[in-house]
2 protein chains.
Amino acid sequence: MEVAYDGSKFFGWQRQDGFESVQGAVEEALEGLVGDAVTVHGAGRTDTGVHALRQVAHFHVDTRLDDDRLRHAVNAHLARGVVVRRLESCRDDFHARFDARGKRYLYVTATTRFRPPFATEHVHWVTSALDLDAMRAAAAHIEGKHDFAAFGNAGSVRKTTVRTVRAVRIVARRERFAVIVEGDGFLYNMVRTIVGTLIEVGRGKLTADSVRAALESGDRTAAGPTAPARGLYLVRVHYDEAMFPGPDPGPSGVPGLYHH
Amino acid sequence: MEVAYDGSKFFGWQRQDGFESVQGAVEEALEGLVGDAVTVHGAGRTDTGVHALRQVAHFHVDTRLDDDRLRHAVNAHLARGVVVRRLESCRDDFHARFDARGKRYLYVTATTRFRPPFATEHVHWVTSALDLDAMRAAAAHIEGKHDFAAFGNAGSVRKTTVRTVRAVRIVARRERFAVIVEGDGFLYNMVRTIVGTLIEVGRGKLTADSVRAALESGDRTAAGPTAPARGLYLVRVHYDEAMFPGPDPGPSGVPGLYHH
């Protein structure tokens, strides 16, 4: 299944007792339909406040409903703020997380003169106009295979902090810009720290060279701050096979100017 | 002053004891600065859930702060969800409501296949694709000077239900459309009923001819339903004089594709 959700309405993807999570909401909707316990496995966990346009997840259920009816029924049981966009039967051994080959994230920031009264939980805001050319020069250093220790949270228990970032692009339109980050995998908070660092470059507090030096040093304090969750969207999960052969059902109403 | 606000965060414009209103929030921010009671007069009341990009309001205060510092200070005291975009000293006898010559509203509707998980309180949603040509033909009948009794709420205590609607335009982009309604004044719920009626036309439930007949009959049941508050934005208040001579400070971060 492909799921879109407003991260401001949930305490993250992962099920937690006593907190409403996206995983828990989808599992409860499925359980209400099939009468059995269902575990939904997401391609990745998103933190509280982080949104998704196309999170991918798999589950096993025993049902006589076909894919389309099951999707409709799940959506009818889901709260506002989360929607199943696509649902297809798949091979028995597909695993949304282990089979994922990469992800694409989008981070949206407003540079309006005033704090935006709308979409306060969906767009980050900085007052100052940023130097986008300097940010793009710094982004070029981040692309590629690097040890991202300076950009990963110390809480990470991964064996290696080496990752390949396939692309860091900056798209600006009117008083907003988006940073699009695509890679094979990410350390905890890595995308938000890349964005926070690029914003510091845009403000002139860091330079493209100091970003390269931060990468080489592996020193977390050499990179910029972690940008807040509210601007971050998981927009794609990549697999070797086409998981959803049909046409994309279109945008899911993301607030903003970017369609991914 | 020109004020933008997210209507989903307030119980309407008008101050009410025990409910957080936009008027009350702005008055409290001003009172905290000047130490006296302040009454803020808006150009018009907006209902709970209705947004504003450029509501206009006036007030009298005794302060040594210049306009720019006063605006900054008010914004520093205001909660998220409301922002003073512009603030200018004006002639003593200016009245935001009595001097207003007209208003422009924007109503945003998504026509995505799925209920949008984002902006649930900022965009109306209909599942079906609508016949925009039929809607535009019906909109042409609404333009002009008419008795809008069929489009006004019966609770209205106005002496006359005759109003002049200067323009009803429909702007479509991707899976969204906006209805822009401009006029010299509006009955209670009139804009939302115009939009609800046009959507019924788009669905084929009403025709351009039946909209003209509804206008002529003055029968509220002949028009369509009142569209929900969430899609409605007050975008302009018109005056004979230029209230804010400087350049527009730009968009205030409205979630969506339309800039007004």
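The values are calculated or read from the model by the stated rules, or taken from the named source; none is laboratory data. The structure presented is a predicted model; accordingly, all values stated were derived computationally and were not measured. Cβ sites come from the backbone with ideal geometry, for glycine too, and all protein chains shown count toward neighbours. SASA here: full protein model, heavy atoms, side chains in, ligands and nucleic acids out. Shrake-Rupley method; radii C 1.70, N 1.55, O 1.52, S 1.80 Å.
When only residues in segment A:116-128 that are within 16 Å of residue A:8 (Cβ to Cβ) and not aromatic (Phe, Trp, Tyr) count, which is nearest to the other protein chains (Cβ to nearest Cβ)? In this case the residue turns out to be A:116.
Listed here are the residues, each with its yes/no results for (1) outside the structural domain of residue A:201 (by TED's automatic domain parsing); (2) touching a residue at least 12 places away in the same chain (Cβ under 8 Å); (3) open to solvent by 40 Å² or more (accessible area, probe 1.4 Å).
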{"residue": "A:58", "(1), (2), (3)": "yes, yes, no"}
{"residue": "A:76", "(1), (2), (3)": "yes, no, yes"}
{"residue": "A:81", "(1), (2), (3)": "yes, yes, no"}
{"residue": "A:85", "(1), (2), (3)": "yes, yes, no"}
{"residue": "A:112", "(1), (2), (3)": "no, yes, no"}
{"residue": "A:126", "(1), (2), (3)": "no, yes, no"}
{"residue": "A:134", "(1), (2), (3)": "no, yes, no"}
{"residue": "A:137", "(1), (2), (3)": "no, yes, yes"}
{"residue": "A:142", "(1), (2), (3)": "no, yes, no"}
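Residues being open to solvent by 60 Å² or more (accessible area, probe 1.4 Å), within 25 Å of residue A:123 (Cα to Cα) and modelled with pLDDT of 95 or more are represented in segment A:145-166 by at least one member.
Mind checking whether some residue in segment B:54-68 is more than 30 Å from residue A:81 (Cβ to Cβ) and in contact with a Cys (Cβ under 7 Å, 6 or more places away or on another chain)? Scanning segment B:54-68 turns up at least one residue that is more than 30 Å from residue A:81 (Cβ to Cβ) and in contact with a Cys (Cβ under 7 Å, 6 or more places away or on another chain). For segment A:198-251, the candidate set comprises residues that are assigned to a helix (DSSP H, G or I) and open to solvent by 40 Å² or more (accessible area, probe 1.4 Å); within that set, the residue that is nearest to residue A:171 (Cα to Cα) is A:230. Of all residues assigned to segment B:61-79, at least one qualifies as being of a type in the set (Val, Ile, Thr) and within 14 Å of chain A (Cβ to nearest Cβ). Is it the case that residue A:30 is open to solvent by 60 Å² or more (accessible area, probe 1.4 Å), more than 23 Å from the chain's Cα centre (by Cα) and more than 22 Å from residue A:106 (Cβ to Cβ)? No.
Candidates A:36, A:6: the one that is surrounded by 24 or more Cβ atoms within 10 Å (Cβ to Cβ) and among the acidic types (Asp, Glu) is A:6. Any residue at all in segment B:28-45 that is of a type in the set (Gly, Ala, Ser), touching a Ser or Thr at 6+ places or on another chain (Cβ under 7 Å), closer than 26 Å to residue B:238 by Cβ and not assigned by TED's automatic domain parsing to the domain that holds residue B:228? Taking every residue of segment B:28-45 in turn, none turns out to be of a type in the set (Gly, Ala, Ser), touching a Ser or Thr at 6+ places or on another chain (Cβ under 7 Å), closer than 26 Å to residue B:238 by Cβ and not assigned by TED's automatic domain parsing to the domain that holds residue B:228.
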